[in-house]
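Worksheet: the structure to be examined is printed underneath.
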């Protein structure tokens, strides 16, 4: 049984100005198995973030169903850890208190929170920065805090919405290597939204290529390149070429 | 961490190189204008342009003040050595009214900012009450509470409640939606989100409201003491006016200024401690 099951999900957004509605997702079905690393790849406006928000429970489908672990998703919950596009940390809390925020929500005492946070702080290589405030860290470091916060909840699935979009290429590559290591060590399931073809091929066990207006999944690609993946290898480029051909606008003749 | 410790000596070096006169000037810069004003006032008062009784010289104010505080020569008669008592009565009223405003203002403000229903129910009443000057409540305050501490505390509350309330509402409403999403994602219930996200997010705004409120609180204590109370710095001020002791009037004015300044400073220090996470993110850190 799949961990995440999306069946015929459609999401319409009302557009009161034009007295109509915009179809962000059109009849999307998607199944993600445990321990998969799925990348949702597509141009901006293709509904990939909408799809992620449905799984996170921030949004509901207009029709169709979204299930995680067999349960219909109705609200956000700690079984689905989200790493946001911006780090979205509490600026008044130190690094360790942000990492342990889930435990604060559960009413766990300070000592235990501090102890549990440490493991995840070390996992994302932030040892020594436990007592810093987010404003004292770089964007990449804050994004790691966000990842540690999601990991600490020991969620069924980790949802990531272009988490490295704001980082420079160098830092991004480091974060990729680290994320793959964390994914392996923690045996977690990850759904990762991105518009970068290289990023999706560097990370995912699967890449769902999406098309825009209305948002649909064009093709589900299984990536079985050996890790660490070499972005200059012929196999990597073959896969990239294939995805590029999918992302190219469809010829007008086929639609007519 | 290591970067910090290595850069410190380098940062200190230029400080030592600043010439002595420049450092001395830096110390006294803020005192120049006040001292000039005092000297000018002293000269003007002694020049005889105005009858000396109408504008006592600073030196004369100081003599009266010294007696009021330390009972030096008894020139302030019944007030001699009574200053600390007068200040304590005023401060107590300010503190009591301010504390009630803080609790109610933050509490009701959080409720209004968080819940549309509460906002619709309570806001119309508050919007009508808000433009009514607190001073205009004095007659009602006296017939309700008599002549004692209570009407003063009531007025202080009226004057300081709205700044706290409005700044709390503003703070709650400007809380970043994404932080609430992150809180819901970590499994927070609405009550926990309110306590652990909305409240701390609103604190900077709440503190700026408290600083405005403490100013109003002193203003209204003094007003109430002139009219409805028979003790405190405001009462001394008004009473001395009847006895044509303008030196005591000015000493009382300066005392109120000083107390207002000190209470504002106290709130500022508490804010700096509570909001230390803001250090380095805003212009005034």
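The values are calculated or read from the model by the stated rules, or taken from the named source; none is laboratory data. None of these values were measured; they are calculated from a predicted model. Using ideal geometry, Cβ is built from the backbone for each residue, glycine included, and neighbour counts are taken over all protein chains shown.
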>> Is it the case, given these coordinates, that residue A:67 is part of a strand (DSSP E or B) and either within 15 Å of the chain's Cα centre (by Cα) or crowded, with 22+ Cβ neighbours inside 10 Å (or both)?
In response: no
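Within the bounds of the stretch A:187-203, is there any residue that is exposed (fewer than 14 other Cβ atoms within 10 Å of the Cβ), closer than 21 Å to residue A:42 by Cα and in contact with a helix residue (DSSP H, G or I) (Cβ under 8 Å, 6 or more places away or on another chain)? Working first, answer last.
Within the stretch A:187-203, the subset exposed (fewer than 14 other Cβ atoms within 10 Å of the Cβ) is A:187.
Next, from what is left, pick out any that are closer than 21 Å to residue A:42 by Cα: none.
No, the stretch A:187-203 contains no residue that is exposed (fewer than 14 other Cβ atoms within 10 Å of the Cβ), closer than 21 Å to residue A:42 by Cα and in contact with a helix residue (DSSP H, G or I) (Cβ under 8 Å, 6 or more places away or on another chain).
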> Of the residues in the stretch A:71-87, how many are in a loop (DSSP other than H, G, I, E, B) and either in contact with a strand residue (DSSP E or B) (Cβ under 8 Å, 6 or more places away or on another chain) or at pLDDT 95 or above (or both)?
Replying inline: 5
> Looking only at the stretch A:84-103, which residues are farther than 20 Å from residue A:158 by Cα and at the interface with chain B (Cβ under 7 Å from one of its Cβ atoms)?
Replying inline: A:91, A:92
> If only one of B:237, B:220, B:262, B:244 is surrounded by fewer than 19 Cβ atoms within 10 Å (Cβ to Cβ) and either free of Cβ contacts under 8 Å to residues at least 40 places away in the same chain or assigned to a helix (DSSP H, G or I) (or both), which one is it?
Replying inline: B:262
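Test of understanding: among B:272, B:201, which residue is within 30 Å of residue B:183 (Cβ to Cβ), within 14 Å of chain A (Cβ to nearest Cβ) and surrounded by fewer than 18 Cβ atoms within 10 Å (Cβ to Cβ)?
B:272
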> residue A:108: within 14 Å of chain B (Cβ to nearest Cβ), on the phi < 0 side of the Ramachandran plot and either surrounded by fewer than 21 Cβ atoms within 10 Å (Cβ to Cβ) or at pLDDT below 95 (or both), yes or no?
Replying inline: yes
>> Condition first: facing chain A (nearest Cβ under 7 Å) and touching a helix residue (DSSP H, G or I) at 6+ places or on another chain (Cβ under 6 Å). Now tell me which residues in the stretch B:184-195 satisfy that.
In response: B:186, B:187, B:188, B:192
